[in-house]
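Asker: To start, I am sharing the structure in question, which I have written as structure tokens.
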Amino acid sequence: MSIPELTDVHPAWLPPEAFRAIGSRRTVVRADGPLAETVRQEVAQAGGSLTDAGPADLVLTLSEAEGEDGYAISRRDGVTTVAGGDPAGLLYGFFHVVRLGEAAFEGERPVEHHRPAMRRRMLDHWDNIDVHPVMGQVERGYAGGSIFWADGALRPDLTRVRAYARLLAACGINAVAINNVNVHATEAHLLTDRLGEVAAIAAAFRPYGIRVHLSVNFASPIVLGGLSTADPLDADVRRWWAETTEQVYATIPDFGGYVVKADSEGQPGPFAYGRTHADGANMLADALAPFGGVVHWRAFVYNHRQDWRDRSTDRARAAYDHFAPLDGRFLDNAILQVKHGPMDFQPREPVSPVILQMQGTRLAVELQVTQEYTGQQRHVCYLAPMWSEVLGFEDVAEAGDLVAVSNVGDDRYWTGHPLAQANLYAFGRLAWDPALDPAAILDEWTDLTFARPGEPLRRTLHAMMDGSWRTYERYTAPLGVGFMVRPGHHYGPDVDGYEYTPWGTYHFADRDGVGVDRTRATGTGFTGQYPEPWSDIYESLERCPDELLLFFHHVPYGHVLQSGSTVIQHIYDTHFAGAEEVAEMRLLWEKLAGTGTGTVAADVHARVRELLDEQLRCAEEWRDQINAYFFRKSGVPDAHGRHIP
Ligand code: GCU
């Protein structure tokens with residue numbers, strides 16, 4: 001293996017400058033095996049000298065006491081030491097030194113121990129082999145085609161995948177599911193006759209300590225195995241999965257496991273056979289157990305064929321209603337993968353009650369790095385503050401796994417919007433340590449990506465990004481109500497777009513008020529799925545946090561929020577403010593062009609500028625549609641007399 005080098009692709013947070021400090025030092029690596037070899041190659045690539053013995057500036061060694069993936073870092077008498085709990089820990093410790101740069105080689109450093117909070121820090125790709133006529137190749141992908149497949153086949157050159165693996169390892173990620181959870185006909189074959197492609201991708205990830213997982217179709221025994229059923233309790237079906245899985249491990253011994261979306265949005269699942277989701281998940285867990293694999297079984301199960309006239313069906317309730325009765329019935333290597341909110345990656349949702357309540361089940365919390373509902377990588381929307389809030393809520397951070405839908409494609413900047421790289425980086429870092437401060441993560445990312453730039457750029461990036469999620473929230477759907485987007489592609493405003501569709505009803509606005517009554521007293525009863533004190537807090541009109549008010553309550557436009565503003569005035573104020581904040585962002589970025597810092601390459605500057613134009617156009621469209629909609633419904637004028645079209 002050699003360090004992947006790409007010429008036409010942006011280096012993201014690992015430009016050559018990030019290795020400068022190591023490049024002028026002597027390093028000794030006291031460990032063997034493939035990951036230690038990766039570290040040696042990294043040092044050599046950086047131009048650093050590798051010594052076997054003799055004086056060294058940096059010593060990388062192993063020390064079991066640091067535990068799985070962990071490491072200790074210290075500096076004494078002019079020598080920086082990294083002690084990895086295992087070879088992966090050594091690699092993570094090495095990248096810690098990269099992050100520190102020169103500071104890693106200055107002064108004395110008392111021993112610091114680092115251990116990941118999450119055992120599995122995982123990205124799910126929603127990549128297909130084929131190009132879907134509507135979705136494109138990557139479902140909800142905003143960064144071009146797949147980095148794995150092109151023209152219906154595995155890409156012959158996987159250098160880019162190796163470069164991706166390297167970026168991921170540098171922020172602590174250790175697992176990747178390579179294909180879409182909606183497993184279509186072609187992609188189903190990755191499990192069997194196209195397994196060689198999975199093996200090749202796994203080989204590209206392996207040098208960076210990343211295991212490959214595969215999304216599989218629950219009906220595989222039928223579509224691939226020629227059986228007449230996929231019933232999880234059927235002996236032939238179980239044998240088929242056991243044998244197929246054995247084959248997978250014979251080909252890829254460190255294979256991670258399966259990801260399954262079952263009985264969801266048209267995917268097949270155990271319901272067809274009158275079985276439970278525990279039956280389905282456990283069947284796969286049984287097949288994987290002999291090899292140490294896991295199944296990530298998704299809890300995203302709801303009725304997408306609702307009748308909007310029926311006010312008792314509440315999509316928010318669905319995951320809990322389906323899964324809570326199964327708590328304690330999943331095998332140890334069956335991990336229930338739950339979206340962070342009860343809905344679907346909206347810019348603001350409460351934490352899913354499934355995460356808070358299923359104490360007897362191993363859980364993975366799922367986030368969306370790809371910005372499906374947060375600006376589709378055309379808008380600056382730094383998501384670390386949102387994730388940090390989610391992870392800081394009750395015991396969410398105690399989930400064993402943190403998973404996110406990747407935002408990467410074959411785009412020159414990896415993520416479409418160059419600044420969206422920060423979301424990918426931040427996801428890895430928060431999965432490692434959920435207590436990290438989002439602003440500090442942004443500094444790390446900035447220092448690496450822009451080669452430790454001066455204050456002007458750092459300040460500009462903070463001013464543009466720290467609050468960008470809240471800015472996005474301000475100019476889009478108000479007070480937690482969600483889903484006022486154009487159905488299908490989910491970009492831009494469409495207040496009633498979903499209101500009368502089978503996918504669920506989300507705001508119930510009329511001339512008097514707006515919001516969804518999810519109380520126990522008069523609504524769908526969703527608040528009752530929460531443990532105390534949250535079930536009471538959300539139930540109470542007075543105590544429910546403003547930002548979630550319309551998620552839990554239907555209120556008159558004149559209802560006074562905790563902030564002191566009325567709901568209708570809040571809608572106007574936030575929408576004017578949100579669009580203005582985007583205009584400011586755009587000015588800040590514009591000014592950067594004149595500062596002559598030389599740290600933002602001209603192409604990056606131009607791409608971001610172009611996207612900020614679109615963000616401003618879209619934010620103004622949101623502002624005007626939302627304000628006009630609610631003004632027309634309510635007839636209440638803006639207290640400040642601003643123009644509402
Ligand atoms: C969202 C998204 C779909 C995706 C689904 C999922 O609904 O729009 O494209 O398949 O989530 O998470 O399975």
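Asker: Can you tell me how many residues within the range 43-78 are surrounded by 19 or more Cβ atoms within 10 Å (Cβ to Cβ) and in contact with a Lys or Arg (Cβ under 9 Å, 6 or more places away or on another chain)?
Answerer: Going residue by residue through the range 43-78, those that are surrounded by 19 or more Cβ atoms within 10 Å (Cβ to Cβ) are 43, 46, 48, 56-58, 60, 62, 66, 69-73, 75.
This time we only want the ones that are in contact with a Lys or Arg (Cβ under 9 Å, 6 or more places away or on another chain), so: 43, 46, 48, 56-58, 60, 62, 66, 69-71, 73, 75.
Adding up the residues that qualify gives 14.
Asker: Right, another one. Determine which single condition VAL260 fails, assuming it passes every other condition in (1) within 16 Å of the ligand (Cβ to nearest atom); (2) more than 19 Å from VAL294 (Cβ to Cβ); (3) β-branched (Val, Ile, Thr).
Answerer: (2)
Asker: Among (1) within 27 Å of the chain's Cα centre (by Cα); (2) in a loop (DSSP other than H, G, I, E, B), there is one condition ARG275 misses while meeting the rest; what is its number?
Answerer: Tallying (1) within 27 Å of the chain's Cα centre (by Cα); (2) in a loop (DSSP other than H, G, I, E, B), ARG275 fails exactly one: (1).
Every residue, every condition in (1) within 26 Å of SER563 (Cα to Cα); (2) surrounded by fewer than 23 Cβ atoms within 10 Å (Cβ to Cβ), yes or no:
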| site | (1), (2) |
| --- | --- |
| ASP401 | no, yes |
| TRP414 | no, no |
| ALA420 | no, no |
| ALA431 | no, no |
| PRO434 | no, yes |
| TRP469 | yes, no |
| GLY480 | yes, no |
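Asker: Has the range 60-74 got any residue that is part of a helix (DSSP H, G or I), at pLDDT 95 or above, touching a helix residue (DSSP H, G or I) at 6+ places or on another chain (Cβ under 6 Å) and over 26 Å from PRO110 (Cβ atoms)?
Answerer: No, the conditions are met nowhere in the range 60-74.
Asker: Check VAL365 against each of (1) within 13 Å of the ligand (Cβ to nearest atom); (2) under 25 Å from GLY400 (Cβ atoms) and name the one condition it does not meet.
Answerer: Tallying (1) within 13 Å of the ligand (Cβ to nearest atom); (2) under 25 Å from GLY400 (Cβ atoms), VAL365 fails exactly one: (1).
Asker: Checking the conditions here, which among THR501, THR566 is polar (S, T, N, Q), closer than 19 Å to ARG315 by Cβ and in contact with a Phe, Trp or Tyr (Cβ under 9 Å, 6 or more places away or on another chain)?
Answerer: THR501
Here's the yes/no breakdown for (1) within 16 Å of the ligand (Cβ to nearest atom); (2) more than 30 Å from ILE73 (Cβ to Cβ); (3) free of Cβ contacts under 8 Å to residues at least 24 places away in the same chain; (4) not hydroxyl-bearing (Ser, Thr, Tyr):
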position: VAL111; (1), (2), (3), (4): no, no, no, yes
position: ARG119; (1), (2), (3), (4): no, no, no, yes
position: MET122; (1), (2), (3), (4): yes, no, no, yes
position: VAL131; (1), (2), (3), (4): yes, yes, yes, yes
position: PRO156; (1), (2), (3), (4): no, yes, yes, yes
position: GLY172; (1), (2), (3), (4): no, no, no, yes
position: HIS184; (1), (2), (3), (4): yes, yes, no, yes
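Asker: Looking at the structure I just gave you, is ALA12 within 22 Å of ALA83 (Cα to Cα) and either in contact (Cβ under 8 Å) with a residue 40 or more places away in the chain or surrounded by fewer than 16 Cβ atoms within 10 Å (Cβ to Cβ) (or both)?
Answerer: No, not satisfied.
Asker: Can you run down the residue pairs with Cβ atoms below 7 Å, 6 or more apart or on separate chains, where the first is in the range 342-361 and at pLDDT 95 or above and the partner is in a helix (DSSP H, G or I) and within 16 Å of the ligand (Cβ to nearest atom)?
Answerer: Hits for this filter: PRO342/ALA316; PRO342/ALA319; MET343/ARG315; MET343/ALA316; SER352/ALA319; VAL354/ALA319; VAL354/PHE323; MET358/PHE323.
Asker: Another one. Just need a number here: residues in the range 520-550 that are touching a Phe, Trp or Tyr at 6+ places or on another chain (Cβ under 7 Å) and either of a type in the set (Val, Ile, Thr) or more than 27 Å from ARG632 (Cβ to Cβ) (or both).
Answerer: Qualifying residue count, the range 520-550: 4.
Asker: When you scan the range 290-395 for helices (runs of 4 or more DSSP H) that lie fully inside it, which ones turn up with 3 or more residues that are more than 27 Å from VAL138 (Cα to Cα)?
Answerer: Correct list: 318-323, 353-357.
Asker: Can you tell me which of (1) on the phi < 0 side of the Ramachandran plot; (2) within 16 Å of the ligand (Cβ to nearest atom); (3) among the small types (Gly, Ala, Ser) is the one GLY375 doesn't meet?
Answerer: If we test GLY375 against (1) on the phi < 0 side of the Ramachandran plot; (2) within 16 Å of the ligand (Cβ to nearest atom); (3) among the small types (Gly, Ala, Ser), just (1) comes out false.
Asker: Yes or no: THR501 modelled with pLDDT under 95, farther than 22 Å from ARG642 by Cα and β-branched (Val, Ile, Thr)?
Answerer: It is true that THR501 is modelled with pLDDT under 95, farther than 22 Å from ARG642 by Cα and β-branched (Val, Ile, Thr).
Asker: Please verify whether the range 333-340 includes one or more residues that are in contact with a helix residue (DSSP H, G or I) (Cβ under 6 Å, 6 or more places away or on another chain) and either within 16 Å of the ligand (Cβ to nearest atom) or charged (D, E, K, R) (or both).
Answerer: Yes, there is a match, as at least one residue in the range 333-340 is in contact with a helix residue (DSSP H, G or I) (Cβ under 6 Å, 6 or more places away or on another chain) and either within 16 Å of the ligand (Cβ to nearest atom) or charged (D, E, K, R) (or both).
Asker: If you don't mind, there's one more thing I want to ask. Do any strands (runs of 3 or more DSSP E) lying entirely in the range 128-233 carry at least 2 residues that are over 23 Å from ASP344 (Cα atoms), and which ones are they?
Answerer: 211-215
The values are calculated or read from the model by the stated rules, or taken from the named source; none is laboratory data. Predicted model, so just to flag it, every value in this text is computed and none were measured. Using ideal geometry, Cβ is built from the backbone for each residue, glycine included, and neighbour counts are taken over all protein chains shown.
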